[in-house]
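See below for the structure under consideration.
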Amino acid sequence: MRLAKLALILPILMSAVPAQAKALPDKAAIAATARDAMAKSGARGLAIAVIDKGKVVSVQTFGDRNAKGDPLTPQTIMYGASLTKAVFAYTVMRLVDEGKVDLDKPIASMLAKPLPDYGNLDDYGNWGDLAGDERWRAITPRIILNHSTGFANFAFLEPDGKLRIHFDPGSRYGYSGEGISLLQFALDQKGLDTAAEIQRLVFDPLKMPNSSLIWRPDFAANLADGWELDGKAVPHDERERVRAAGSMDTTITDLANFAAALVSGEGLSKKAHAEMLRPGLPVRSAAQFPTLAGDVPAAEQHKGLAASVGLITFDGPQGRTFFRGGHNDSTGNTLVCLEKGQRCVLIMSNDVRAEAAFPLIVRNILGETGTPWRWIFGDMKFV
């Protein structure tokens, strides 16, 4: 009888145990994967970094940085896009550790007057549009960082261009760069200059000398232009405003150092690091975009997917995993990390076509992670 019960229980127990991590490929094998991904996707430029045991073990670049054919190098300036949000979240957690920010205290407490009274500000957001909707008072840094403000991704995407709250803050996930801009505004109003704090708490200690949230003239010497989905080459933007939601220029070398710190917890207290990796708000949408599509029935949801403080987490075949992406019309970036073994793959591309090969690259390097690629990219045709 005991043997019979054991036979029934053992498969259940085994399925709950994370799969053993595969041996990481060597640099030659990673390079072969990169070239295969570029050939299949048509991408012109690709950069890949690998982290193991919280340390950078490989940084490689492939292809071109511009239409002239100048080579993409580990020191080429690339657009970080929404990977900026991960850097910002890490910065906020450093400020939490210093006692300067409370994740669960309303943004209202960081402001000298009601948010709508600041009006519509080109450098931040259309806060004046929120007049008459007191729900803004419920918004906290945590609600912003787990993307549950109720804002659209950006106000300019609204039919009338006006910022509004679509659902009660904190009630569900809805990706929003506008929310990130609100927390940036609140920090700046509190006297915590966002760009200066990121420099102090991230770029300087993590040895990221070629990273900035605004354009630097010295970047021009080794700069990545980009390619759009149709193969059109486009110049790199020179961003003149600090945007915590996505204005960072960086290199694969610099950002690999950040990824290593993020997965290992370097610079953070144990409590702050655990908060960044802890599943917080369940994600019940079928896909990340469109951001306001709403929740779907449980059977259509990605089981265990949740928003933490600045990241998306889930329990995959190798245990707790988190990711963060970055995208525009000529940029594709992603970071996928395994808590077990403190392993990550960081991919940056100055050609948006590379996104179609992200599942292949991550799988070949880390093994099967269970990353919800369809939730991230919708109906994209992967290679």
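The values are calculated or read from the model by the stated rules, or taken from the named source; none is laboratory data. Computed from a predicted model, the values in this text were never measured in an experiment. Cβ sites come from the backbone with ideal geometry, for glycine too, and all protein chains shown count toward neighbours.
Quick one: residue 328 ticks every box in (1) over 27 Å from residue 54 (Cα atoms); (2) more than 14 Å from the chain's Cα centre (by Cα) except a single one, so which number is it?
Against the list (1) over 27 Å from residue 54 (Cα atoms); (2) more than 14 Å from the chain's Cα centre (by Cα), residue 328 comes up short only on (2).
I'd like the full set of residues that are outside any loop (DSSP other than H, G, I, E, B), closer than 30 Å to residue 268 by Cα and within 21 Å of the chain's Cα centre (by Cα), limited to region 200-241.
Result: 200, 201, 202, 203, 212.
Among the residues in region 160-172, are any in contact with an Asp or Glu (Cβ under 7 Å, 6 or more places away or on another chain) and not basic (Lys, Arg)?
Restricting attention to region 160-172, the residues satisfying the condition of being in contact with an Asp or Glu (Cβ under 7 Å, 6 or more places away or on another chain) are 162-165, 172.
Add one more test, that the residue is not basic (Lys, Arg), and what stays is 163, 165.
Yes, there is a match, as at least one residue in region 160-172 is in contact with an Asp or Glu (Cβ under 7 Å, 6 or more places away or on another chain) and not basic (Lys, Arg).
Scan region 277-291 and give yes if some residue there is in contact with a Lys or Arg (Cβ under 9 Å, 6 or more places away or on another chain) and part of a helix (DSSP H, G or I), otherwise no.
Scanning region 277-291, I find at least one residue that is in contact with a Lys or Arg (Cβ under 9 Å, 6 or more places away or on another chain) and part of a helix (DSSP H, G or I), so the answer is yes.
Filter region 207-241 down to the residues that are in contact with a Ser or Thr (Cβ under 8 Å, 6 or more places away or on another chain) and among the aliphatic types (A, V, I, L, M), then identify the one that is surrounded by the most Cβ atoms within 10 Å (Cβ to Cβ).
224
Of all residues in region 306-331, which are closer than 27 Å to residue 40 by Cβ and without any contact (Cβ under 8 Å) to a residue 40 or more places away in the chain?
Result: 312, single match.
For region 136-164, how many residues meet the condition of being closer than 21 Å to residue 90 by Cβ and of a type outside the set (A, V, I, L, M)?
Number satisfying all stated conditions: 7.
Filter region 137-158 down to the residues that are of a type in the set (Ser, Thr, Tyr) and either without any contact (Cβ under 8 Å) to a residue 60 or more places away in the chain or touching a His at 6+ places or on another chain (Cβ under 7 Å) (or both) and list them by number.
Listed by number, the residues that qualify are 140, 149.
Given the options 244, 299, 259, name the one that is crowded, with 22+ Cβ neighbours inside 10 Å and in a helix (DSSP H, G or I).
259
In region 303-359, which residues are under 30 Å from residue 233 (Cβ atoms) and among the aromatic types (Phe, Trp, Tyr)?
Within region 303-359, 323, 358 qualify.
Return yes or no: is residue 179 buried (at least 22 other Cβ atoms within 10 Å of the Cβ), over 19 Å from residue 96 (Cβ atoms) and either in contact with a Pro (Cβ under 9 Å, 6 or more places away or on another chain) or of a type outside the set (Val, Ile, Thr) (or both)?
Considered against the rule, which asks whether it is buried (at least 22 other Cβ atoms within 10 Å of the Cβ), over 19 Å from residue 96 (Cβ atoms) and either in contact with a Pro (Cβ under 9 Å, 6 or more places away or on another chain) or of a type outside the set (Val, Ile, Thr) (or both), residue 179 comes out as no.
Does residue 172 qualify as being under 27 Å from residue 376 (Cβ atoms), without any contact (Cβ under 8 Å) to a residue 40 or more places away in the chain, assigned to a loop (DSSP other than H, G, I, E, B) and not hydrophobic (A, V, I, L, M, F, W, C)?
So residue 172 fails the test.
Inspect all residues belonging to region 140-155 and state whether any of them is among the charged types (D, E, K, R) and part of a loop (DSSP other than H, G, I, E, B).
Checked region 140-155: no residue is among the charged types (D, E, K, R) and part of a loop (DSSP other than H, G, I, E, B).
Only one residue in 103, 111 is out of contact with any Cys (no Cβ under 9 Å at 6 or more places or on another chain), within 15 Å of residue 269 (Cα to Cα) and either among the polar types (S, T, N, Q) or surrounded by fewer than 19 Cβ atoms within 10 Å (Cβ to Cβ) (or both). Which one?
103
Looking at region 134-190, which of its residues are within 20 Å of the chain's Cα centre (by Cα) and of a type in the set (Val, Ile, Thr)?
The answer is 140, 143, 144, 149, 180.
I'd like the full set of residues that are exposed (fewer than 14 other Cβ atoms within 10 Å of the Cβ) and under 20 Å from residue 66 (Cβ atoms), limited to region 19-38.
35
Please verify whether region 135-148 includes one or more residues that are surrounded by fewer than 17 Cβ atoms within 10 Å (Cβ to Cβ) and either of a type in the set (A, V, I, L, M, F, W, C) or out of contact with any strand residue (DSSP E or B) (no Cβ under 7 Å at 6 or more places or on another chain) (or both). Spell out how you get there, then give the answer.
The initial filter retains those residues of region 135-148 that are surrounded by fewer than 17 Cβ atoms within 10 Å (Cβ to Cβ), namely 135, 137.
Next cut, either of a type in the set (A, V, I, L, M, F, W, C) or out of contact with any strand residue (DSSP E or B) (no Cβ under 7 Å at 6 or more places or on another chain) (or both) only: 135, 137.
Yes, that holds for at least one residue.
Do the conditions hold for residue 68, that is, is it over 24 Å from the mean Cα position of the chain (by Cα), farther than 17 Å from residue 186 by Cβ, among the basic types (Lys, Arg) and not in a strand (DSSP E or B)?
The answer is yes for residue 68.
Pairs, please: C-beta under 7 Å, at least 6 apart or cross-chain, first residue surrounded by 18 or more Cβ atoms within 10 Å (Cβ to Cβ) and in region 186-197, second of a type in the set (S, T, N, Q) and modelled with pLDDT of 95 or more?
187/194; 188/194; 194/184; 197/91
Before we move on, is residue 294 at positive phi, touching a Pro at 6+ places or on another chain (Cβ under 6 Å), outside any helix (DSSP H, G or I) and not hydroxyl-bearing (Ser, Thr, Tyr)?
So residue 294 fails the test.
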